[in-house]
Structure formats: structure tokens, C-alpha cells
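Before any comments, here is the structure.
The values are calculated or read from the model by the stated rules, or taken from the named source; none is laboratory data. Keep in mind that this is a model prediction, so the values were computed, not measured. Here the Cβ positions follow ideal geometry from the backbone for every residue, glycine too, while neighbour counts run over all protein chains shown.
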Amino acid sequence: MATRIGILALQGDFARHAAVLRRLGAEAVEIRDSGQLDDCRGLILPGGESTTLAKLMNRYRFYEPLREFARRRPVMGTCAGAILAAGRIDDPRVEPLALIDIAVRRNAYGRQVDSFITEVAAPCLGEPPAFRAIFIRAPKIVACGPQTETLITFEDEPIMVRQGPVLVLTFHPELTSDSRIHRLFLNMVENQA
């Protein structure tokens with residue numbers, strides 16, 4: 001039976017994540033109601049616009065169900081999803097879920113026109129040793145707690161970190177043809193007792 005992974009589908013690039021998961025043999029479920037979380041073994045918080053996502057999460061009462069889900073099952077946050085998963089954020093308009101002990105600064109690399117693509121060393125993903133990271137109005141992880149493990153860096157700054165069952169990254173792996181980060185997350189889900 002395919003591993004069932006939810007993707008928060010209130011706003012953002014959830015469809016691309018779903019396509020990658022399906023290519024890997026998982027069942028992808030677009031989550032628009034918190035009751036849909038019950039049957040999922042893992043959850044992806046996608047990129048998008050963090051202030052919009054926070055408003056929608058408030059409107060549809062997602063905050064507590066997401067926190068409860070993360071106590072029991074793995075969560076991956078990409079770009080805006082990393083902002084939402086963080087413990088601390090530099091913008092009072094965005095309430096953090098506090099799923100991982102990091103501090104994040106929104107849009108730290110600049111505006112949309114400052115978006116970029118770069119190769120980063122990614123030994124945690126195996127071969128090939130690099131990953132093509134796509135940064136779109138990306139946040140920066142400006143502080144990590146002692147239990148947070150840095151998996152990938154760019155210019156000596158963490159861009160993919162993990163704490164227990166929570167994996168966050170400041171770039172967009174769903175926009176590449178390289179599915180190793182999604183595979184890593186699926187392995188986290190499948191190895192969860």
C-alpha cells in the first residue's frame with residue numbers, strides 16, 4: 001500500500017509536491033480541511049506566500065491540528081513552509097507553528113527579481129554530491145537550536161535542517177527533476193514507528 005502524504009493545499013505550489021510524491025510511488029493528498037490529516041503518515045507545508053498562508057490557516061483553523069499532527073508524524077516545510085514551521089519569525093503578521101527550533105527571516109535574499117538557482121553540496125542525499133537549489137523570495141535560517149541538525153548549507157548558512165521528525169528547507173526541491181529530498185522525507189515517514 002502506498003504511503004499517504006498530505007500537502008497543505010490552501011495556497012502555494014502544492015501541486016508540484018504532489019506530482020513528485022506520485023512519481024516516487026506515494027499517495028499524495030491535497031489537504032484543504034484539517035480532518036483530512038487523520039489518514040496521512042506525513043505532511044508537506046509548501047512554498048507560497050507566508051502571510052497569505054498564515055491568514056488562511058487562521059481562517060480555516062489549521063494551527064492546532066497542524067501542531068498536533070507534528071507531535072505524532074513527520075513534517076517537511078519548503079520556503080514559506082519553513083517560515084511557518086519555525087519557532088521564531090521576523091514578521092509579526094505570521095504566527096509560527098513552532099515545530100522546529102529555528103529563527104527565520106522572510107524574503108532575506110530579496111524580492112522576486114532577486115530569485116536565483118545554484119548548485120549546493122548535498123552529501124546527505126548521496127550521489128550525485130550536489131543539488132540544484134532554487135531560491136524564490138527565499139527566507140534565511142538565522143539561528144538554530146542545539147537539537148537542530150544542519151544537512152545542507154549555502155555560503156556557510158543552513159538552508160536545509162532537521163530536528164527529529166521535522167525537515168525544513170529554504171528552497172524549492174519540487175521545481176527540479178531531482179526527487180532525492182522528497183525521497184529523504186518519505187524515508188523519514190516510512191521509518192517512523
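List of remarks:
- T3 passes every criterion in (1) buried (at least 16 other Cβ atoms within 10 Å of the Cβ); (2) over 20 Å from G164 (Cα atoms); (3) of a type in the set (S, T, N, Q); (4) in contact (Cβ under 8 Å) with a residue 40 or more places away in the chain apart from (2).
- Contact map, segment 93-109: first residue surrounded by fewer than 21 Cβ atoms within 10 Å (Cβ to Cβ) and modelled with pLDDT of 95 or more, second residue of a type in the set (S, T, N, Q) and part of a strand (DSSP E or B), Cβ cut-off under 8 Å, separation 6 or more or different chains; pairs are D101/Q163.
- Total residues in segment 110-128 satisfying the condition of being exposed (fewer than 12 other Cβ atoms within 10 Å of the Cβ) and closer than 14 Å to I152 by Cβ: the figure is 3.
- Residue match in segment 162-177 (condition: under 26 Å from E27 (Cβ atoms), hydroxyl-bearing (S, T, Y), surrounded by fewer than 21 Cβ atoms within 10 Å (Cβ to Cβ) and modelled with pLDDT of 95 or more): yes
- Long-range neighbours under 8 Å by Cβ, at least six apart or interchain, first residue closer than 18 Å to Q192 by Cα and in contact (Cβ under 8 Å) with a residue 60 or more places away in the chain within segment 59-75, second surrounded by fewer than 16 Cβ atoms within 10 Å (Cβ to Cβ) and not β-branched (V, I, T): R73/Q192; P74/Q192
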